[in-house]
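Here's the structure, in C-alpha cells; my notes come after.
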Amino acid sequence: MFRPKGPACQSCGMPISRDPLGGGTTADGSLTTEYCSHCYRQGAFTQPNITVEEMTALVEGKLRSIHFPAFLARRFAKDVPTLGRWRKKSAGQSSARASASDLQPRA
C-alpha cells in the first residue's frame, strides 16, 4: 500500500513529512522525528493517558475528516498498535494505561 517515504510518528503513524512543524520536540526544544508535533511536545506526550484503542479511533476519525475513504482510514488506523509507542508498552506492561516512566522516549 502507498505510504510517503521517510519516518512516521511512532504514536499515531502520521508521516513526519506531513507534519507542519517537522516533528515533535524534546525537553530541550530540539526536533525529534520519532513522534509528530501533534503527539509529542517539549519532551512529553500531548495525551499521556490515551490508550492504543483510543489512538486507533482518533486516527481513523481524523483520516475520515480529511475525506479518506472509510476502508483506507480503517486500514491505516489498524497499524497503530504496531508503532513504537504502543509496542514498548505492550512488551513491558499488562495495563492499558501508561505509567510516567513509559512516557519518556528511549535514547
I'd like to check one number: the per residue accessible area of region 1-89, probe 1.4 Å, reported in Å² as a whole number.
58 Å²
Considering amide H positions built from the backbone, and no H for Pro or chain starts, which residues 5 or more places from T32, or on another chain, come under 5 Å of its amide H?
G24, T25, T26
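The values are calculated or read from the model by the stated rules, or taken from the named source; none is laboratory data. Note that the structure is predicted; figures quoted are calculated from it, not measured. Only protein heavy atoms, including side chains, enter the accessible area calculation; ligands, DNA and RNA are left aside. Shrake-Rupley method; radii C 1.70, N 1.55, O 1.52, S 1.80 Å.
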